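Novice: I have a structure here, written as structure tokens, and I will follow up with some questions on it.
Computed from the coordinates by the stated procedures, all read-outs in this text should not be read as laboratory data. For clarity, every value in this text was computed on a predicted model and none was experimentally measured. Neighbour counts run over all protein chains shown; Cβ positions are idealised from the backbone, glycine included.
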Amino acid sequence: MHENNSPLEHLELVYEMNRLFLSFLQGRACRGVECLGLATPVCALLRTATDAQLDRAAGLPRALFRIDCDLDTRAARALERDSSELIALYSLQSKLLLSARHLCSQNAHLAQAFLGLPDRTLVRLSCLALLELATLAETACLVAASFEDEPWLWRELLCSENPMDLRRARLIALQPRAADMNAVAEPGQRRLR
């Protein structure tokens with residue numbers, strides 16, 4: 001597989017994915033629907049965020065969402081398609097999975113860095129056929145907010161206009177998280193607490 005090593009091209013796609021995710025979350029926040037793991041104060045910020053604020057937050061060089069595609073599609077039940085919320089979720093998941101699959105097939109290292117994917121998810125996304133991807137997208141909720149336990153980071157991304165605050169948020173967001181480190185620890189290795 002030939003890897004495309006242009007980080008800027010990949011970052012542009014991550015920004016677009018982040019912006020799509022933020023628009024989805026803002027719609028949910030405005031309708032009073034749970035925002036995929038984000039705290040209530042962050043949902044309130046999303047409700048009132050301007051397009052410029054969402055664009056600035058989307059510029060984080062790391063996915064603002066997590067993808068968990070380790071579900072067994074044979075065992076998972078299909079999302080009920082009778083509500084507009086679930087149709088919107090299916091649409092979001094389809095687009096994010098397709099974009100993530102593209103990143104994984106172009107440059108696995110950059111996809112892992114920008115999307116924060118564990119190795120097993122990276123490999124699975126790279127191998128999914130389009131039909132499997134569509135089936136997976138409708139099986140369950142596969143997408144959640146990243147940094148859900150870091151409301152201050154969301155607050156800085158959505159509210160701060162100070163370049164130093166945004167730079168600090170970007171640097172922190174790019175650091176490996178303890179949960180990510182535990183997910184890839186080898187059996188028998190000491191895990192972080």
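Novice: Local charge sum around Lys95 (other residues, Cβ-Cβ under 12 Å, Lys/Arg +1, Asp/Glu -1)?
Specialist: Neighbourhood net charge equals +1.
Novice: Suppose R0 equals 30 Å. What FRET efficiency, 1/(1 + (r/R0)^6) with r the Cβ-Cβ distance, do Glu132 and Asp55 give to the nearest 0.05?
Specialist: According to the calculation, E is roughly 0.35.
Novice: Report the gain in length on full extension from Glu12 to Leu86: 0.36 nm times residue separation, minus Cα-Cα distance, nm rounded to one decimal.
Specialist: 23.9 nm
Novice: Would you mind checking which residues have amide H under 5 Å from Phe65's amide H? H placed 1.01 Å from N; only 5 or more apart, or other chain.
Specialist: Long-range HN contacts for Phe65: Ser146.
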